[in-house]
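To start, the structure under review is shown below, and the notes come after it.
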Amino acid sequence: MKLANYYGADGGRRLAVLAEGRLLDVERMASSSGAAWSARSTDELIGEGETALSALAGLVEEALRDESSIQACALNMEDTTFAPSVAKPGKIICVGLNYKKHAEETGAAVPAYPILFNKFSNSLAAHGDCIRVPGVTAKMDYEAELAIVIGKAAFDVKEDDALDYIYGYCAANDLSARDLQLRTSQWMLGKSLDGFCPLGPWLVTADEVGDPNRLEIRSYVNGERRQNSNTSDMIFDCKTIVSYVSRHMTLQPGDVILTGTPEGVVMGYPEERQNYLKPGDVVEIEIEKLGRLSNVLIA
């Protein structure tokens, strides 16, 4: 299923599902069928586990049999204000230099172990959000990334079992202030500015995605394609990343892992061709099966 968080008229987060091209409010759908329902966001749905996801699948199947039910819970997608696909992750863990060709374009050695850093909740943004270009950086860059969302507690899991702990995936933009990132040996400052982690528009459940390391991944700036790769170019694939992180810390439901970016970022261009992001730019991240995440940059 393709799940989404959006803001209701009261300003609170609400849960929606995309079914046959129509965005449906889950609470309205449950009310229409007379079913009890409690999850009001993807975060709460993840916390309720497989039983809740199975119940939601049943609600969608029932609603799609009745056009009047669809009309009662359908949202106008163009008028919908999305929230981040996961709104309250306990951890946002990122993997650096995780695509072979990206390591090559930056002149970096292929890492022997995953390079991990973090973002914080202040960096979360949603599909459609306007993101401020901070005055503290002159080198704001885009990074198309596949985001993993954990579905159940994972500690010291084997690689062969690691994908079973993944709830789903979403498109992410690991926005980066390169001048701040490279100011010291620690990358955190250049990665954790406000709005520097857009997630969305959908959280797509793992069963619908299949093999996460066989997905086309692209980025666009003002309609111009900048990145064009496949997640098969990862140095450490998704199961390896989840297993590796879980050997060092317990992953909890709702935790998010950004898995790295392919070649084509501004930092990888020769210096005379480095045109960093600026106010007015539209940045889009497109991943096969996961949709297109779009944000406008503002001053």
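Of the residues that make up region 154-166, is at least one part of a strand (DSSP E or B) and among the hydroxyl-bearing types (Ser, Thr, Tyr)? Quick ask: steps written out before the conclusion?
Looking only at region 154-166, we keep the residues that are part of a strand (DSSP E or B), and these are 154, 166.
Now drop any that are not among the hydroxyl-bearing types (Ser, Thr, Tyr), which leaves none.
Within region 154-166, not a single residue is part of a strand (DSSP E or B) and among the hydroxyl-bearing types (Ser, Thr, Tyr).
Considering only strands (runs of 3 or more DSSP E) fully contained in region 1-73, which possess at least 2 residues that are in contact with a Ser or Thr (Cβ under 6 Å, 6 or more places away or on another chain), outside the structural domain of Ala171 (by TED's automatic domain parsing) and under 25 Å from Ala171 (Cα atoms)?
Numbers: elements: 2-7, 13-19, 22-25.
Filter on region 1-73 gives 2-7, 13-19.
Just one of (1) without any contact (Cβ under 8 Å) to a residue 24 or more places away in the chain; (2) closer than 18 Å to Leu293 by Cα fails for Gly128. It is (1).
Is it the case, given these coordinates, that Leu56 is closer than 18 Å to Leu199 by Cα and at pLDDT 95 or above? Judged against the criteria, Leu56 is not a match. Filtered by the rule that a residue be surrounded by 24 or more Cβ atoms within 10 Å (Cβ to Cβ) and not aliphatic (A, V, I, L, M), region 142-166 gives Tyr142, Glu143, Glu145. Could you please find all residues in region 167-182 being in contact (Cβ under 8 Å) with a residue 24 or more places away in the chain and not in a loop (DSSP other than H, G, I, E, B)? If the condition is that a residue be in contact (Cβ under 8 Å) with a residue 24 or more places away in the chain and not in a loop (DSSP other than H, G, I, E, B), then Tyr167, Gly168, Tyr169, Cys170, Ala171, Ala172, Asn173, Ser176, Ala177, Arg178, Asp179, Leu180 are the ones that fit.
Going by what's in this entry, would Val157 be described as closer than 20 Å to Ile93 by Cα and either among the hydrophobic types (A, V, I, L, M, F, W, C) or modelled with pLDDT of 95 or more (or both)? Working first, answer last.
Numbers: closer than 20 Å to Ile93 by Cα: yes; either among the hydrophobic types (A, V, I, L, M, F, W, C) or modelled with pLDDT of 95 or more (or both): yes.
Here the answer is yes, as Val157 does meet what is asked.
Restricting attention to region 119-174, the residues that are under 14 Å from the mean Cα position of the chain (by Cα) and among the polar types (S, T, N, Q) add up to 3. Candidates Ser219, Ser192, Ser176, Ser185: the one that is hydroxyl-bearing (Ser, Thr, Tyr), assigned by TED's automatic domain parsing to the domain that holds Tyr99 and modelled with pLDDT under 95 is Ser185. Among the residues of region 93-113, how many are touching a strand residue (DSSP E or B) at 6+ places or on another chain (Cβ under 8 Å), closer than 15 Å to Met267 by Cβ and not in a loop (DSSP other than H, G, I, E, B)? Qualifying residue count for the region: 3.
The values are calculated or read from the model by the stated rules, or taken from the named source; none is laboratory data. Note that the structure is a prediction, hence the values are computed from the model and not measured. Glycine gets a Cβ as well: all are built from the backbone with ideal geometry, and neighbour counts include every protein chain shown.
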